[in-house]
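No value in this document is a laboratory result; all are computed from the given coordinates. Everything quoted here is computed from the prediction, not taken from an experiment. Ideal geometry is used to build each Cβ from the backbone, glycine not excepted, and the neighbour counts take in all protein chains shown.
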Amino acid sequence: MNQRRYHYRRFSPETIGVQRPIPFKDWKPLFPDYLSFVCQRLSQNGIKVYLVGGSIREMLLGRHALDWDLVADCDMDKLRQIFSDVSHFSFKDMVFSMILSKEKLEISPVKGQDIYEDLSKRDFTINAMAYDFISGQLLDPFNGLQDLKEGILRAVKDPAQRFLEDPLRMLRAIRFMAELFLTIGKPTLKEITIKAHLLERVSTERIRDELKKILLSPSPYMPLWYLISTKLMPKVILEVSRLSGIKQSPPHKYKVLKHTFFTVENTPPSLSLRFAALLHDIAKPLVHSVKDGRHRFLGHQNLGAQMTRDILTHLRFPNSLIEHVSLLVKHHLIFYDASWTDKAVRRFVNKIEPLSIWELLALRRADILAQGTNIGGLDHLRSFADRIKTLGEIKSPSQIPLCINGNTIMAALRIPQGPKLGRILKEIREWVSEHQEDNEPKKLLLLAKEIGSRLK
């Protein structure tokens, strides 16, 4: 795959303001007070201390670092002794951690004989730089600064060894590519493809967290293709890789997989929307049929909603996100007719509760854009949005206060509290949402009696 075509879509490093590194001679790092305090105390005790990792990369790019990683040339017992009076440090897994507000500081001992051996074991050259607080020098034994300038992502020394040490680094490579618009070096990319199967050794939670960052990147289209071409996708979401090769009929211009990735690209950077876009056609291979020369996918939205629940449950997302994304998938096909009455429009908006109609419209817009040819569909969707705006705020049935309550209905119909009462209240609320002029005690009691007699 030609990586140089990575930016051919809407986004590019220039259009989204991706910075190129500040020359080191012009770099004047500003550190928070608590970081300076830690480094001064270590220095006063004769300990060499270095800033390492992503914080240097972020600062060289002129961005604000939130995570500060320090390595100190001493063992853990010495660190405990030096910071014994600092209550907001915690010790876990050979690391001292301090979390203040949204920022985090961690101190760990140098791995190996010295800082250079420590840097040689890190993942990529752009993360294998260190700042010496005593001398004020940038230690860059693997030319990470030059790689950052040229936009290249290379594994430190031997890619095979780096990925054997931690297979998640392969997924992190795609993530850095996505976030920083980097080109993955050929030896590094080749080794990812060779060792993609090792990703199955990595915990689901770690894979999930990298996938989130890829999806929320400024332009996820090409990184998603790299998950396919490197054979990582089957280890991330197997069902997405199975979309490959499935043809579609007009108005679709592309096969299902390419259409899916374009849909993700066209959605706003919301986690629920990006996941809904990635999974909105996930069931198409299972319901695919051909009739009269046309490819059909009947019921894919309903089966897709269930598959979405299963996939996101496997990835161990919270139930609230799982249900939200599955509802977006279930309702992503919006069939609006200009002949709809205002009541019909309100009924549709209420039917998708608790989804926001505007979120669903954003997903549908991305879906239509990704068809490649159906420009008229956008006009149709826009007219639906205009109809909704003219109606103002549309309250869902659950938001409308009724003039009678359950106690009144139980007394009038002589029924106990239970499922029947719930059904009556639900139907009354749905009626009132479309006939607000009927929201008065006498009319609602008559309606309750009619519904009650029907439910016998």
For this session: Quickly rank 119-127, 153-161, 34-42 as a protection proxy: mean count of other C-beta atoms within 10 Å, highest first.
Result: 119-127, 153-161, 34-42
Exercise. What is the extension gain from residue 320 to residue 160, computed as 0.36 nm multiplied by their sequence separation minus the C-alpha to C-alpha distance, in nm to one decimal?
Worked result: 53.7 nm
For this session: Treat every Asp and Glu Cβ in the chain as -1 and every Lys and Arg Cβ as +1, leave all other atoms uncharged, and give the resulting dipole magnitude about the Cα centre to the nearest 20 debye.
Result: 1880 debye
Exercise. From the square roots a ≥ b ≥ c of the eigenvalues of the alpha-carbon gyration tensor of the stretch 234-326, which class results: rounded (a/c under 1.5), prolate (a/b over b/c), or oblate?
Worked result: prolate
Exercise. With the dipole of the chain worked out from charges on the C-beta (+1 for Lys and Arg, -1 for Asp and Glu) around the Cα centre, which of 422, 155, 221 lies farthest toward the positive end?
Worked result: 422
Seminar exercise, completed: Cα-based Rg/(2.2 N^0.38 Å) for the stretch 328-456, rounded to two decimals, is 1.31
Seminar exercise, completed: Under the rule rounded for a/c under 1.5, else prolate if a/b exceeds b/c, else oblate, using alpha carbon gyration tensor axes a ≥ b ≥ c, the stretch 246-390 is classed as oblate
For this session: Run the quick spin-label model on residue 387 and residue 356: label points 7 Å from Cα toward the beta carbon, then report their separation in nm to one decimal.
Result: 2.2 nm
For this session: Only Lys, Arg, Asp and Glu count, each charged at its Cβ (+1, +1, -1, -1), so figure out the dipole size of the stretch 96-214 about its Cα centre, rounded to 20 debye.
Result: 460 debye
For this session: Please report 341, 373, 408 as a ranked list, fewest other C-beta atoms within 10 angstrom at the top and most at the bottom.
Result: 341, 373, 408
Seminar exercise, completed: Placing each pseudo-label 7 Å from Cα in the direction of the beta carbon, residue 33 and residue 378 end up separated by a distance in nanometres of 5.2 nm
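Evaluate E = 1/(1 + (r/R0)^6) for residue 286 and residue 150, where r is the Cβ-Cβ distance and R0 equals 56 Å; express this FRET efficiency to the nearest 0.05.
Given R0 = 56 Å and the Cβ-Cβ separation, E is 0.80.
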Problem set entry | Among 283, 110, 271 the positive-end extreme of the charge dipole of the chain (Cβ point charges) | 283
Exercise. How much length is gained on full extension from residue 339 to residue 247, taking 0.36 nm per residue of separation minus their Cα-Cα distance?
Worked result: 29.9 nm
Exercise. Where does helix 256-266 land angle-wise versus the long Cα axis of the chain, in degrees 0 to 90, nearest 10?
Worked result: 80 degrees
Problem set entry | Volume in Å³ per residue [convex hull over Cα atoms, computed for the chain] | 212 Å³
For this session: Kindly put 378, 168, 238 in sequence by how many other C-beta atoms sit within 10 Å of each C-beta, fewest to most.
Result: 238, 378, 168
Seminar exercise, completed: Quick calc, residue 205 & residue 407: beta-carbon distance into FRET formula, R0 51 Å, rounding 0.05, result 0.60
Problem set entry | Residues residue 104 and residue 134, FRET efficiency given R0 of 22 Å [Cβ-Cβ distance, rounded to 0.05] | 0.40
Problem set entry | Highest-first arrangement of 104-110, 169-175, 131-137, where packing means the average Cβ count within 10 Å | 169-175, 104-110, 131-137
